[in-house]
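Reading through the structure tokens given below for one structure.
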Amino acid sequence: MKKMKAGIIGVGRMGQYHLNILTDLPEVQVIGISDMNKEKLYDLSYKFGVSGFESCEKLIDKCDALFIATPTSTHYKIAKQCLEQGKHILLEKPMTTNLEEARDLTRIAEKHHLIIQVGHVERFNGAVQQLKNIVNSPIYLEAKRMGPYDPRVSDVGVVLDLMIHDIDILLNLIEEDVKEIDRKS
């Protein structure tokens, strides 16, 4: 079986999560990682036995698929570059900073018959999966993000970066179109 050649661009918390998983999958060959933080790049490169690329362009050239876990403000540029070079991508959420960029990436992927996925890992959390067995026909749902502020979300805000998981979970529970949104609370 031919192994998928994968690369990870951005090895912060989520990039390291992908690196951990991908290096354990027998059907995947991790070609390398890329990050602007050279110390982190080379520490992880050594630890996982993969190549470190200071330039994501050089990594993109060598891969079939890329996992993009950089700050959201960089997603569009990097993802577009990958797609235009014929690479499949998994893009951490939020996909982009605006709808126009997200639609453009989708168009490029469709044009080149490429897979573009957005990482929504919480949807597959075991506890979240159990909710579907417990919650039947909810009438009223409310989501409040109660965690401490995370400076990592400063480029797009807490709703797009973190609360999007809560919204995704709720939409999967109700399996219907949203009828009303109350933004006053």
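Cross-link check: pairs Lys38/Lys144; Lys111/Lys132; Lys40/Lys93 evaluated at a Cα-Cα cut-off of 27 Å; pairs beyond the cut-off: Lys38/Lys144; Lys111/Lys132. Take the Cα of Asn136, step 7 Å toward its Cβ, do the same at Lys47, and the gap between the two points is 4.6 nm. To the nearest 10 degrees, how steep is helix 38-48 against the longest Cα principal axis of the chain, on a 0 to 90 scale? That helix lies at roughly 90 degrees to the long axis.
Only the Cβ atoms of Lys and Arg (+1) and of Asp and Glu (-1) were treated as charged; on that basis the dipole of the chain about its Cα centre amounts to roughly 360 debye. From its DSSP helices (H runs of at least four residues, each -39,500 (n - 2.57)), the chain gives a residue-normalised ellipticity at 222 nm of -12000 deg cm²/dmol.
Which percent of the Cα-Cα distances in region 1-80 go past 19 Å? For region 1-80, the share of Cα pairs beyond 19 Å comes to 26 percent. With viscosity 0.692 mPa s and temperature 37 °C, the Kirkwood radius over alpha carbon pairs of the chain converts through Stokes-Einstein to a diffusion coefficient of 183 µm²/s. Applying a threshold of 21 Å to the alpha-carbon distances of Lys58/Lys87; Lys2/Lys62; Lys2/Lys87 flags no pair as lying beyond it.
Bear in mind that the values in this text are calculations on the coordinates, not laboratory data. These numbers were taken from a predicted model, which means no experiment stands behind them. Note: ideal-geometry Cβ built from the backbone for every residue, glycine included; neighbour counts use all protein chains shown.
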